[in-house]
Structure formats: C-alpha cells, structure tokens
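The values are calculated or read from the model by the stated rules, or taken from the named source; none is laboratory data. Not measured: the values here are computed from a predicted model. Cβ: placed from backbone, ideal geometry, glycine included. Neighbour counts: every protein chain shown. To get the accessible areas, we keep the full protein, side chains included, count just its heavy atoms, and leave off ligands, DNA and RNA. Shrake-Rupley method; radii C 1.70, N 1.55, O 1.52, S 1.80 Å.
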Amino acid sequence: MVDLPAVHAQALDATRPLVAGVGADQWGSPSPCDGWDVRALLNHVTSGNFWVAPLVGGQTIEEVGDRLDGDLLGDDPLAAYEASAAEAAAAFRAAGAMDASVAVSYGPVPGSVYCGHRFMDVLIHGWDLARATGQDATLPSDLVEACFEVVEPQRQLLEDSGMFGTVQHVGGDADRQTQLLAILGRHD
C-alpha cells in the first residue's frame, strides 16, 4: 500500500527543481499538453495544489468560487509553486485527510483518491515541464512504481476520462517510466 501523502510530497519536491530550471525565455514555449504553454502548465499545477487545502478541509467548489482562477504565478512562479506545494502537502498530511469526503468536479471521493490523483498530476506534469524546457525528464523510479499502484486499479476510468491523453502503445521491453507515460498518453 502506497503512503499517498508521502509520495505526493515527494512528487512536489521532485518537481520543484524543474520549476526552478525554467529559463526566463521559456515561459511561452509550448508544452506536451495541448493548448498550454509552459506558464499555463505550471499555473495548472500550482492552482491544483492551492485547491487541496480548501477541498480536503470540506469546502465545495462553489464555496471556493473563483479565487483560484486566472494566473496564480505572478512575478515569481517558483515562489508561487513553492507556496502551493507546501500548502497541498500539509493538507494531505493532516489528520483525517485521507478519509475526508472531498467534493471534486468528478464527484465526492475519499481524500485518498484525491491525493492519488494530485500525485499523478504533479508527477506527470513535472515530466511535461521537463520535456517542454529541455531538462532531464527522468522521473524518480520509486515514484514511477508508486504511480503504477495508483493508476492500475483505475486505469480504465483514467483512459475513458481523457484527462491524460490517448494511451500510447510501447513495446513489452519498454522501461517502467516509458510504460507509465504511455498509459497516461505521453511518449518518451
């Protein structure tokens, strides 16, 4: 069984140097995510992080309102990411967070399910960020394995949702990172 708050925090930590490595001239560069440049991609991750505390704390999307809409990166994207990461990690580590009913857009789910989805989102979008900016896109192997544990039980649901793109087909000899990325619509 994966310690979801721990692997989520590790994915946040692994993504931080990638955020720090974005060059000043790269924010408008295209990302592997259709319709998002590097800045929009990081804003998505940062916004997702900022949603964690209110939702795990029992608020609904309607109660959060539009306060997390728009550009949350401001003049210092790294500081915004760091603040969002610290807040999200703390929220998922709070007592009872994994058992809390969380009112997300796809229905109320246990905090553990939401944490697993945030873990996947941060880890995979970290890879997207690395690819878009020419950084080393090698994911930590322990996080790749933990992500498989989250993905496999809900693989069909994730594929059907279209949230991660069309499944790519890779050979049976592909490494685990390539296999994971393929399941989630990426190609290495």
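Within the stretch 23-45, is there a residue that is under 19 Å from ALA103 (Cα atoms) and assigned to a helix (DSSP H, G or I)?
yes
Please enumerate the residues belonging to the stretch 59-82 that are within 21 Å of ALA24 (Cα to Cα) and without any contact (Cβ under 8 Å) to a residue 24 or more places away in the chain.
GLY70, GLY74, ASP75, ASP76, ALA79, listed by residue number.
Which residue, of ALA9, ALA53, is of a type in the set (A, V, I, L, M), at pLDDT 95 or above, open to solvent by 20 Å² or more (accessible area, probe 1.4 Å) and part of a helix (DSSP H, G or I)?
ALA53
Would you list the helices (runs of 4 or more DSSP H) that sit entirely within the stretch 67-164 and hold 1 or more residues that are surrounded by fewer than 15 Cβ atoms within 10 Å (Cβ to Cβ)?
77-93, 141-151, 155-161
May I ask you to list the residues in the stretch 53-89 that are within 30 Å of GLY23 (Cβ to Cβ) and among the hydrophobic types (A, V, I, L, M, F, W, C)?
LEU68, LEU72, LEU73, LEU78, ALA79, ALA80, ALA83, ALA85, ALA86, ALA88, ALA89
Over 17 Å from ILE124 (Cα atoms), open to solvent by less than 60 Å² (accessible area, probe 1.4 Å), of a type in the set (Val, Ile, Thr) and in contact (Cβ under 8 Å) with a residue 60 or more places away in the chain, is that true of VAL45?
Here the answer is no, as VAL45 does not meet what is asked.
Search the stretch 113-141 for residues that are more than 25 Å from GLN26 (Cβ to Cβ) and pair each with any residue that is open to solvent by 30 Å² or more (accessible area, probe 1.4 Å) and part of a loop (DSSP other than H, G, I, E, B) when their beta-carbon atoms are under 7 Å apart and the residues are at least 6 apart or on different chains.
So the pair list comes out as CYS115/MET98.
Among the numbered criteria (1) at positive phi; (2) touching a strand residue (DSSP E or B) at 6+ places or on another chain (Cβ under 9 Å), which one does GLY35 miss?
Just one mismatch for GLY35, condition (2).
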